[in-house]
1. Could you look through the stretch 162-184, keep only residues that are out of contact with any Ser or Thr (no Cβ under 9 Å at 6 or more places or on another chain) and small (Gly, Ala, Ser), and pick out the one that is modelled with the lowest pLDDT?
2. Within the bounds of the stretch 166-175, is there any residue that is farther than 30 Å from Ala231 by Cβ and not in a helix (DSSP H, G or I)?
3. Looking at the stretch 185-234, which of its residues are more than 28 Å from Tyr162 (Cβ to Cβ), of a type in the set (A, V, I, L, M) and either crowded, with 16+ Cβ neighbours inside 10 Å or at pLDDT below 95 (or both)?
4. If a residue must be of a type in the set (Gly, Ala, Ser) and part of a strand (DSSP E or B), how many such residues does the stretch 148-165 contain?
5. Right, Val211: β-branched (Val, Ile, Thr), assigned to a helix (DSSP H, G or I) and on the phi < 0 side of the Ramachandran plot or not?
6. Among residues belonging to the stretch 156-172 that are surrounded by 14 or more Cβ atoms within 10 Å (Cβ to Cβ) and over 17 Å from the mean Cα position of the chain (by Cα), point out the one that is farthest from Ser78 (Cα to Cα).
7. What about Ala144, is it in contact with a Ser or Thr (Cβ under 6 Å, 6 or more places away or on another chain), among the aliphatic types (A, V, I, L, M), crowded, with 16+ Cβ neighbours inside 10 Å and over 30 Å from Ala231 (Cβ atoms)?
Amino acid sequence: MKTLPNLLSLLVLCAGSAEANAESAWRLGLALGAGERTNPLIESKRLPIAVDVDVAWFGERFFFDNGDLGFTVLDRPSGTLNLVARVNSDRVFFGRTNTKFVNVSVTGASLPAPVELRVPERSWAIEVGAEWLADGDWGALALAAHRDASGTHGGHSADAEYSYTFRGRRWSLEPGISAHYKSAALGDYYWGVRPGEASTALPPYTAGAGVNWEASLRASWYLSRHWRLAASAHYERLNAAVADSPLTKDRAVKSWFAGIAWRY
């Protein structure tokens, strides 16, 4: 089972929350359509969303869910406790950037030559932690905490998500709200500017801890057992420490998708 939506699972989540085939340990899905995710990073491109593949396998204890590896410690009617290893999602923004030359004004005078504005390199981080999943007539709740195990940023994070699904005969509508805490070490690694990376165009900056807030809405219209029309929208408000970074151009990350989805 998964906790919170990330880029890889965005289209899967918007396809609805139908149960996987009880006779198979595998869950396979494909979504085709149009959409995009904004990139808050300077000199960056938006992330297009046109096709995505959903691949998951659930064993008696171990599971694989779209890149996340997990082990179920406790599975009770009241909830499920999993240990999970995942890849940090902040790095995805640094994969579509440009280098640009800009004119920077100093005391009212323009520099004689443009200054190079280059986005610093950032690495992927492997994080390990635990998640608690519970659901009922009241909705679904996911709580998770993770820490860097790869020595990349040395920080930790905590997530909380609540969603409720309204269902009709052929449709479902699922609004949700979530909070994502990021420690100072995590935030500063991705969104800080080290002295060696700083320039006239990119001043040094130390990012602190903060909480990102996210609202989401997912809708499905079921055409058959395996096919459905799907749409989703997400709005994530970045915390002040990230939004104030010279690496950031937007204070929010927005994404949307609409298309057709198939799931086995």
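1. By that ranking, first place goes to Gly168.
2. So in the stretch 166-175, the residues farther than 30 Å from Ala231 by Cβ come out as none.
No: the stretch 166-175 contains no residue that is farther than 30 Å from Ala231 by Cβ and not in a helix (DSSP H, G or I).
3. First, the residues of the stretch 185-234 that are more than 28 Å from Tyr162 (Cβ to Cβ): 188-189, 192-206, 223-227.
Next, only the ones that are of a type in the set (A, V, I, L, M) stay: 193, 198, 201-202, 223.
Result: Val193, Ala198, Ala201, Leu202.
4. Taking the stretch 148-165 as the starting set, the residues that turn out to be of a type in the set (Gly, Ala, Ser) are 149-151, 154-155, 157-158, 160, 163.
Okay, now just the ones that are also part of a strand (DSSP E or B), so 157-158, 160, 163.
So the answer is 4.
5. Values: β-branched (Val, Ile, Thr): yes; assigned to a helix (DSSP H, G or I): no; on the phi < 0 side of the Ramachandran plot: yes.
Considered against the rule, which asks whether it is β-branched (Val, Ile, Thr), assigned to a helix (DSSP H, G or I) and on the phi < 0 side of the Ramachandran plot, Val211 comes out as no.
6. First, the residues of the stretch 156-172 that are surrounded by 14 or more Cβ atoms within 10 Å (Cβ to Cβ): 156-165, 171-172.
Of the ones still in play, those that are also over 17 Å from the mean Cα position of the chain (by Cα) are 164-165, 171-172.
Numbers: Tyr164: 17, Thr165: 18, Trp171: 27, Ser172: 24 Å.
The selected residue is Trp171.
7. Details: in contact with a Ser or Thr (Cβ under 6 Å, 6 or more places away or on another chain): yes; among the aliphatic types (A, V, I, L, M): yes; crowded, with 16+ Cβ neighbours inside 10 Å: yes; over 30 Å from Ala231 (Cβ atoms): no.
No.
The values are calculated or read from the model by the stated rules, or taken from the named source; none is laboratory data. If you're wondering where the values come from, they're calculated on a predicted model, not measured in any experiment. Please note: Cβ atoms are built from the backbone with ideal geometry, for glycine as well, and neighbour counts cover all protein chains shown.
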